Amino acid sequence: EAKSDGRGVFRFFEPSMGACLRNRRQLEHDIRHAIMRDELSVAYQPQADLQSSQVFGFEALLRWNHATRGHIPPAEFIPMAEECGAILQIGEWVLRTACAEAVRWERPLAIAVNVSVMQLHSGNLPELVDEILRETGLEPSRLELEITESTLIKDVGRALEALGKLKALGVRIAMDDFGTGYSSLTNLRAFPFDKIKVDRSFIRSVHTNEEAAAIMRAVFGLARGLRLPVLAEGVETEGELSFLRQEGCDAMQGYFLAHPAPIAEFEQYTSQTGIAATHQKHELHLLR
Ligand code: C2E
Ligand code: MG
Ligand code: MG
Ligand code: MG
């Protein structure tokens with residue numbers, strides 16, 4: 001390890017950096033074993049239609065409860081899992097777990113699963129999805145794969161081929177985090193998306209900030225032109241919700257309706273009987 005000799009040369013490797021790297025290597029090791037150790041779980045967050053005020057599906061969100069470090073957020077471990085390749089195994093686990101969960105529901109709601117670009121480029125994602133659909137018996141039209149747009153552009157040809165095969169299976173594709181990538185507009189035309197999920201940074205304060213409102217109206221205009229439905233991510237307030245509804249946004253997801261949680265907490269949506277007798281305060285707001 002290179003250290004300062006006291007005269008200020010070659011001080012590019014601090015002891016704290018060594019600790020950080022060891023830490024990271026340890027975590028990369030742990031993530032490979034997380035499935036075996038039963039540390040992964042899936043949280044579900046409902047998605048609602050703004051016309052009918054009905055919950056039509058859930059997004060599956062991966063959770064890692066590390067044996068000694070406790071809960072580690074996906075924003076931390078997903079990029080790491082992508083770098084060390086573990087995302088392929090983990091992504092397969094999420095797909096299988098979420099599809100198996102969805103077939104247990106009494107109502108045939110949609111299930112949205114995030115897919116990393118590494119999975120898309122792996123060469124066998126369409127085959128894997130086909131296998132999981134057969135294995136679980138999930139109707140392909142109930143599955144939606146969410147792809148973060150900024151990650152698509154690395155290998156357009158390969159991504160297009162995989163997406164084409166997935167669409168042929170009857171699976172739907174959503175562009176996730178719309179607006180945060182580098183070439184949103186090009187990607188929208190080039191890729192066969194079925195839905196646009198607008199990133200929550202665009203939803204924030206949309207009802208109080210004229211610039212934010214103008215940007216969202218432009219997004220709605222664009223989506224209408226392309227005949228793509230829009231789901232607003234990260235809706236937290238009633239003000240944001242009424243703006244979105246007024247502007248003709250198709251669907252929403254966010255803390256205002258519900259935080260991601262174990263599926264057992266959403267029986268009012270997944271069961272046939274629960275729907276009529278809902279006492280959810282947020283659903284009452286939505287129903288107005
Ligand atoms: P995403 O796919 O855009 O998921 C939405 C994120 O926003 C989730 O964070 C969710 O908990 C959070 N969220 C939902 N409603 C609200 C809200 O009203 N306000 C705020 N502030 N946040 C809200 P989470 O679960 O921490 O996941 C972060 C990201 O990690 C996801 O963003 C997705 O890109 C990635 N991710 C999660 N699970 C998976 C997975 O199974 N596979 C892959 N490849 N990526 C995943
Ligand atoms: Mg997502
Ligand atoms: Mg994302
Ligand atoms: Mg998103």
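Within region 186-203, residues that are under 17 Å from V171 (Cβ atoms) sit with their Cβ atoms under 6 Å from residues that are not hydrophobic (A, V, I, L, M, F, W, C), at 6+ positions apart or across chains, in these pairs: P192/K167; D194/R172; K195/P229; K197/D176; K197/E233.
Tell me which of these M175 doesn't satisfy, since it passes every other one: (1) of a type in the set (A, V, I, L, M); (2) under 29 Å from A264 (Cβ atoms); (3) within 12 Å of ligand 1 (Cβ to nearest atom). Tallying (1) of a type in the set (A, V, I, L, M); (2) under 29 Å from A264 (Cβ atoms); (3) within 12 Å of ligand 1 (Cβ to nearest atom), M175 fails exactly one: (2). Scan region 124-151 for residues that are in contact (Cβ under 8 Å) with a residue 12 or more places away in the chain, surrounded by fewer than 18 Cβ atoms within 10 Å (Cβ to Cβ) and in a loop (DSSP other than H, G, I, E, B) and the total you get is 2. Just the residues that are under 19 Å from I173 (Cα atoms), touching a strand residue (DSSP E or B) at 6+ places or on another chain (Cβ under 8 Å) and of a type in the set (A, V, I, L, M), please, taken from region 208-237. Across region 208-237, the qualifying residues are V219, A223, L228, V230, L231, A232.
Between E146, E135, E161, E210, the distinction of being more than 16 Å from ligand 1 (Cβ to nearest atom), of a type in the set (D, E, K, R) and at pLDDT 95 or above belongs to E135 only.
The helices (runs of 4 or more DSSP H) found entirely in region 195-247 that carry 1 or more residues being closer than 23 Å to L61 by Cβ and within 16 Å of ligand 3 (Cβ to nearest atom) are 200-203. Here N114 passes the criteria (1) within 16 Å of ligand 2 (Cβ to nearest atom); (2) at pLDDT below 95 except the one numbered (2). For region 171-189, state whether one or more residues are loosely packed, with under 15 Cβ neighbours inside 10 Å and within 16 Å of ligand 2 (Cβ to nearest atom). No, every residue in region 171-189 fails to be loosely packed, with under 15 Cβ neighbours inside 10 Å and within 16 Å of ligand 2 (Cβ to nearest atom). Quickly run through region 194-251 and pick out the residues that are closer than 28 Å to L163 by Cα and either among the aromatic types (F, W, Y) or touching a Cys at 6+ places or on another chain (Cβ under 7 Å) (or both). Of everything in region 194-251, those that are closer than 28 Å to L163 by Cα and either among the aromatic types (F, W, Y) or touching a Cys at 6+ places or on another chain (Cβ under 7 Å) (or both) turn out to be F202, F220, V230, A232.
The values are calculated or read from the model by the stated rules, or taken from the named source; none is laboratory data. None of the values given here were measured: they were computed from a predicted structure. Every residue, glycine as well, gets a Cβ built from its backbone with ideal geometry; the counts of neighbours run over all protein chains shown.
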